[in-house]
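Coordinate-derived values only; no laboratory data. Being a predicted model, the structure only gives us computed values, none of them experimental. Don't worry about glycine lacking a Cβ; one is built from the backbone with ideal geometry, like all the others, and counts go over all protein chains shown.
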Amino acid sequence: MRLAAMFCSVVLVCGTTCLRAGDWPAFRGPNGDGIANDEKAPTTWNSTQNVRWSTSLPRPGNGSPIVIAGRVFVTSAEDVEGRRRSLYCLDRQRGVVKWVRTVELGKTLPTHQTNPYGGSTPVSDGMRVVVWHASAGLHCYDVTGNPLWSRDLGEFRHMWGYGTSPIIYQDRVILFSGPGKRIFVGAYRLSDGKTLWETEEQQEGDGEHNAAGHYMGSWSTPVLAEVESKTRVVVMLPTRIGAFSPENGELVWSCDGLRHERGDLAYSSPVIAGDLCFVTGGYRGPAMTVRLDGLGDVTRTGRLWRVENNPQNIGSGVYVSGMVYRPNADKRHSLQCIEIETGKIRWSASGAGHWGSVVMAGGLLYATDQQGSTVVFRPNPDQYEEVANNPLGEPSNSTPAISKGHLYIRTAAHLFCIGH
């Protein structure tokens, strides 16, 4: 008991300073924006060249790796039915599996063939790692694999499976649960998993179809935004954007506009740019930019623009100097450059299509396509400027992690470390 108390007090004192320079502790990096601060990464490789190591994973999955404390963490199912869901810990230098923690679910829940079980990305404060296995629970371990706590948050049933990831803010884990019949944004104490608050989102429909019979659901991971010295948790809910207080779960403002004629859907995460928030709805849904400093319903007062139809979008973009560089699953518009204040598309580039998100290091953008090739390109608002295209020869729907000069890429069969 004394050791446990000492462990908890140390973590609470050091907070996010337990993370080391170069760590990639969450989905889309340390700030959730896809940017590796003061980092460079390799620009050329293939399946045999400039690969430090590759390690087999038991099943395909769309979850992405994180890198902290000399370790790489990634999720995977152990079986095709998704009844055994695991968190893998690998040595970052050699790719050797250090430990595996598996939880069991007593039944098979539906998912889509393009979204195998293992669709969530873990998160860490540098001393603990938290993973969400959807209906199989929210679990916390120390970095050496000792179980600290677990929470059963209910069943999340959807024909397309699950995919949101937890984030950490100060002393709490924040999770947007779902999709399913009940969805909510919740905060859980990092030290013991105690519920601090849960704010439920009212839905019209059964979680899979809305009242009009169209598809519905959100797989969006929340992001944190600083607004007038206050932190907000910004979430793409199925029909709207919501900004919540991380302290008590209060909905500070919301903006309608994600609903469209094909459904109420969100796949990617919000892109934060100063006092602006850019989002794109799922299933060729609307794109829009909203001001972050509003209160209440800001649909009329805070929304700068809204474009109804867009390419199919699943991965999240990166903001650079007034532009959002967005990946799309649409092969004709695989990558796009969009003015955040106007919605004007500056250019589109064709390619294999992306489910993973764009990341940035050393002034260059990286995007891994569904064929497992990572394109490296410059954030040029005037034209698509490709630097390199690097094939691994295996499909991928995940987002690379960048840490200390290395890229970590999850494919359908392996986890790769790229770089010398």
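Values computed for the structure shown
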item: Shape call, region 320-360: gyration tensor on alpha carbons, a/c limit 1.5; result: oblate
item: Only Lys, Arg (+1) and Asp, Glu (-1) charged, at Cβ; region 103-164 dipole about Cα centre in debye; result: 140 debye
item: Normalised contact order of the chain, rounded percent, pairs of Cα under 8 Å and 6 or more residues apart; result: 15 percent
item: Directionally averaged projected area (convex hull, Cα atoms, region 333-418), nm²; result: 5.6 nm²
item: Theoretical gain in end-to-end length, residue 108 to residue 230 [0.36 nm per residue, Cα-Cα removed]; result: 39.7 nm
item: Length released on extending from residue 261 to residue 420, taking residue separation times 0.36 nm less the Cα-Cα span; result: 52.3 nm
item: Order by protection proxy (mean Cβ within 10 Å, highest first), peptides 372-381, 231-240; result: 231-240, 372-381
item: Lys/Arg +1, Asp/Glu -1 at C-beta; the chain dipole; positive extreme among 319, 354, 255; result: 354
item: Set of lysines with alpha-carbon distance to residue 194 below 28 Å, sequence-local pairs under 8 removed; result: 107, 181, 230
item: Cα centre as origin, Lys/Arg/Asp/Glu Cβ charges: region 288-370 dipole, Debye; result: 140 debye
item: Relative packing of 303-311, 64-72, which averages over residues the other C-beta atoms within 10 Å, highest first; result: 64-72, 303-311
item: For the chain: Kirkwood Rh in Å [reciprocal of mean 1/r, alpha carbons]; result: 21.1 Å
item: Residues in region 65-86 reached by a label modelled at residue 93 [backbone nitrogen below 12 Å; 7 Å Cα→Cβ]; result: 70-71
item: Where labels lie 7 Å past Cα in the beta-carbon direction, separation of residue 159 and residue 38 in nm; result: 5.0 nm
item: Cross-link partners of residue 344 among lysines (Cα-Cα below 29 Å; sequence separation of 8 or more within a chain); result: 331
item: Order by protection proxy (mean Cβ within 10 Å, highest first), peptides 408-418, 333-343; result: 408-418, 333-343
item: CD proxy at 222 nm, helix term only [per DSSP H run n ≥ 4: -39500 (n - 2.57); per residue of the chain; nearest 500]; result: -1000 deg cm²/dmol
item: Reachable aspartates and glutamates from residue 98, criterion Cα separation under 15 angstrom, eight or more residues apart if same chain; result: 142
